[in-house]
Amino acid sequence: MPLRSVNHLLSLRALLAASLATLLWTTGCSTTYRADVPLYKQLGGPDHIRAFTGKALSRVAADPVAGRSFKGIKMPFLIDSVGNYICKVADGPCVYEGQDMQKSHADLNLGGSEFDVLVQALREEMDAAGVPNGAKNELLRRLAPSRSEIVTH
Ligand code: HEM
């Protein structure tokens with residue numbers, strides 16, 4: 001192929017790559033967390049947050065070990081409450097009316113590995129829901145400090 005055609009092809013590829021990057025950036029599909037867009041929007045909004053939170057909680061409730069804490073718990077109420085909490089942590093317009101993290105988990109005697117099961121379930125459900133990596137990691141980063149309030153041994 002003549003050199004001019006190769007150059008032409010290369011610049012066409014560069015142009016396409018730049019256009020795709022611009023499109024992803026402007027549509028909010030960037031995998032990078034954007035400090036100028038509220039996190040709850042990057043997570044897909046309150047309904048989306050509630051949906052992936054509910055799936056993650058249901059998975060933990062079905063876990064042979066970590067599921068022990070969920071016996072007798074009314075899951076739809078818990079999912080609503082945790083969904084609102086996470087939406088608020090993500091700067092969303094949701095109202096969380098539950099107790100603080102220490103009080104609400106005080107009687108559960110939770111270990112670090114049980115906390116990790118929930119974090120992993122959240123990570124996987126956000127992936128399945130198509131949440132961009134940057135937003136997913138920012139949410140997990142904001143939830144991480146609650147570990148010391150929730151885990152008691
Ligand atoms: C980042 C980690 C976690 C967050 C953000 C979180 C958040 C919450 C919230 C917001 C509530 C509702 C409190 C209320 O409505 O007053 C709650 C309750 C509860 N959480 Fe968690 N939680 C976390 C970790 C865990 C883990 C690891 C488990 C168990 C494996 C767990 C099991 C429960 C249960 C069973 C309840 C209901 C307690 C009750 O009603 O007596 N949570 N959690």
Just give me a number: lysine pairs in segment 38-150, eight or more positions apart or cross-chain, with C-alpha atoms less than 20 Å apart. 11
Tail weight of P(r) past 15 Å, computed on alpha-carbon pairs of segment 70-128, percent: 63
Can you give me the accessible area per residue for segment 38-150, using a 1.4 Å probe, in Å²? 54
Determine the share of segment 38-150's accessible area contributed by carbon and sulfur atoms, expressed in whole percent, with a 1.4 angstrom probe. 54
Residue by residue through segment 137-152, what is 3J(HN,Hα) from phi via Karplus (6.51 cos²θ - 1.76 cosθ + 1.60, θ = phi - 60°)? Round to whole Hz and write x for glycine and proline. 5, 5, 5, 5, 5, 6, 7, 3, x, 6, 3, 5, 8, 8, 7, 10
As an exercise, use a Förster radius of 25 Å and the Cβ-Cβ distance of Arg34 and Ala62 to find the FRET efficiency, rounded to the nearest 0.05. 0.15
Could you sort the peptides 94-102, 40-48 by per-residue average Cβ neighbour count (10 Å cutoff), highest mean leading? 40-48, 94-102
Of Met75, Met126, which has the most accessible area and how do the rest follow, probe 1.4 Å? Met75, Met126
Could you give the C-alpha radius of gyration of segment 38-150 expressed as a fraction of 2.2 N^0.38 Å, taking N as the number of residues it contains? 0.99
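The values are calculated or read from the model by the stated rules, or taken from the named source; none is laboratory data. All figures in this text were calculated on a predicted structure; none of them were measured in a lab. In this analysis, Cβ positions are derived from the backbone assuming ideal geometry, glycine residues included, and neighbour counts consider all displayed protein chains. These accessible areas exclude ligands, DNA and RNA; they are computed on the full protein's heavy atoms, side chains included. Shrake-Rupley method; radii C 1.70, N 1.55, O 1.52, S 1.80 Å.
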